[in-house]
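The values are calculated or read from the model by the stated rules, or taken from the named source; none is laboratory data. Quick caveat, the model's predicted, so the values are computed rather than measured. Every residue, glycine as well, gets a Cβ built from its backbone with ideal geometry; the counts of neighbours run over all protein chains shown. When the accessible area is computed, the model is the full protein with side chains, heavy atoms only, and any ligands, DNA or RNA have been set aside. Shrake-Rupley method; radii C 1.70, N 1.55, O 1.52, S 1.80 Å.
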Amino acid sequence: MNKYIIKNPSQLITCSGIHGKRGKEMMDLNILENSSLVIEGEYIKDVGKTENIFEKYNYNNEYTVIDASGKVVMPGFIDSHTHFVFGGYREKEFNMRVQGKDYMEIMRSGGGIISTVKETREESYDELLQKARKRLDHMLSLGITTVEGKSGYGLDFQTEIKQLEIMKELNDTHPIDIISTYLGAHSIPDEYKDNPDEYINYIIEEVLPYIKKYKLAEFCDVFCEKNVFSVNQSRKLLEKAKQMGFNLKIHADEMVSLGGSELAVELGATSADHLLNISEEGIKKITKSDTVATLLPGTAFSLREKYANAREIINNNAIVAIASDFNPGSCFTEYVPFIILLSTLYMGMKIEEAITAYTINAAAALNRENKTGSLDIGKLADLIIIDYPSYEFIQYHMCYNPVEVVFKRGRMVYKK
Ligand code: NIG
Ligand code: FE
């Protein structure tokens, strides 16, 4: 059994809690000093004053002691919104956008998501798996210990299942825990171009039951957007998914204010994501609900759109998470320090709120807030050591990866 004591970091940031944090609570990182943390097996066994911890546990030197003095120890990051299994790349499209072309315009002319669909259909299981594994390795080095991944680059049965099976295999073989989301309603496939309602019916009748039967995804998601799936189509799909036992997510109010956030609350979705154009009504509703508002500033940056109004959403008392939205089109980055920097410099969040949003609140966006996302006794030992004495360096040393060591389920899985 793994037995470690992480000794005396300058800040032991616990983010303590078993619920997503709202409004002002997001400022409270619950930082301990002169303290140490004990790992046994996969779990956090104890947290307390260093003196007491050593008296209680290490009288016969059974534990490997890691001296963390001068460093920060904190929960591993949780990236609760990514699309990390995909074929091909879209570097030319990025160039077009640099030169002023619009994301949705590119999409309507056959580029965008559909071009990744084409390449994901063409690439073999093994090719996709190897690429996805490399991406996870990089995420781990950034301190990410849990990641959500979406299908949605197949749209047809075979390729959607291929994406989900790849995530399942990676969950079994890679240290990072992967939580899978079925996003068949990511785009209208050419086969159903003139009949999106039929496509929704097909998903409901043929794909969801299979995914449920083989436990290939925990969440069902939809791109609820003008010229993609309407609020009514999204409602129909998600209501059925809910009846079948899926948890729900929505790509909501990204380009226009369509009402996806209101729908998320109405259906009790676990999260509503993007929210660049959430309405006042949507903000009111989400703040009174347990639906996590997941903000993705990397996408707003990359698309040169206005950022989500994090300040107003937090001030209204919502549970806010941040995530990368890592994908080959609208946001090709998984770089945690960059997402945090965008959140604080451009989206109006405080660094403390950003850390809460990437840990315990991100866990809540995946229904994992009682298992991970904070350094509390009994939770998974998913934690990182940062090579600076205070968490403020995560934003201050811009676009530098300060992660020195990563523990996942009690094992040291990465060391710089
Ligand atoms: O979350 N908005 C829709 N889906 C992705 C983008 C996917 C892509 O461009 O390939 C998103 O931004
Ligand atoms: Fe997305």
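Data overview
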read-out	value
Magnitude of the charge dipole, the range 149-214, Cβ model with Lys/Arg +1 and Asp/Glu -1, debye to 20	280
Residue with peak Gaussian network fluctuation, the chain [Cα springs, cutoff 10 Å], from 106, 178, 394	106
Tail fraction, Cα-Cα pairs, the range 287-416, threshold 22 Å, whole percent	39
Dipole axis of the chain (+1 Lys, Arg; -1 Asp, Glu on Cβ), positive-most option in 203, 111, 292	292
Net charge of neighbours whose Cβ lies under 11 Å from the Cβ of residue 377, counting Lys and Arg as +1 and Asp and Glu as -1	-1
Rounded tilt (10° steps) of 125-141 against the dominant C-alpha axis of the chain	40
Estimated 222 nm signal from helices in the chain, with DSSP H stretches of n ≥ 4 weighted -39500 (n - 2.57), rounded to 500	-10000 deg cm²/dmol
Pairwise centroid distance, computed over Cα atoms, of the range 146-217 with the range 355-402, Å	28
Segment residue 158-residue 108, length gained on full extension (0.36 nm per residue, minus Cα span)	15.6 nm
Selection from 237, 57, 171 lying farthest towards where the dipole of the chain points positive, charges on Cβ	57
Sum of side-chain charges, residue 144 neighbourhood, beta-carbon under 13 Å (Lys, Arg +1; Asp, Glu -1)	-4
By accessible area with a 1.4 Å probe, ligands and nucleic acids excluded, highest first: order of 63, 414, 396	396, 414, 63
Residues residue 92 and residue 411, FRET efficiency given R0 of 25 Å [Cβ-Cβ distance, rounded to 0.05]	0.05
Residue-count net charge about residue 9 - beta-carbon cut-off 12 Å; Lys, Arg +1, Asp, Glu -1	-2
Equivalent-ellipsoid semi-axes of the range 1-53, from the Cα gyration tensor, Å, largest first	23, 15, 7
Charge-dipole axis of the chain as Lys and Arg at +1 and Asp and Glu at -1 on Cβ define it, positive-most pick from 120, 302, 338	338
For the range 1-160, diffusion coefficient by Stokes-Einstein and Kirkwood Rh (Cα), 4 °C, 1.567 mPa s, µm²/s	66
Extension gain (nm, one decimal) between residue 24 and residue 55, 0.36 nm per residue minus Cα-Cα	7.5 nm
Using distinct alpha-carbon pairs, which all enter the 1/r mean, Kirkwood radius of the range 320-382 in Å	12.4
Top of 16, 141, 109 by mean-square fluctuation, Gaussian network on the chain, Cα under 10 Å	109
For the range 195-303, diffusion coefficient by Stokes-Einstein and Kirkwood Rh (Cα), 25 °C, 0.890 mPa s, µm²/s	174
Chain lengthening between residue 192 and residue 279 when straightened (0.36 nm per residue, less Cα-Cα)	28.3 nm
Estimated dipole of the chain in Debye, rounded to 20 [Cβ of Lys and Arg +1, of Asp and Glu -1, Cα centre]	460
Cross-link pairs beyond the 28 Å C-alpha cut-off, checked among 24/371; 118/215; 24/242; 226/285; 24/306; 131/193	24/242; 131/193
Extent along principal axes [Cα atoms of the chain; Å; largest to smallest]	71, 43, 43
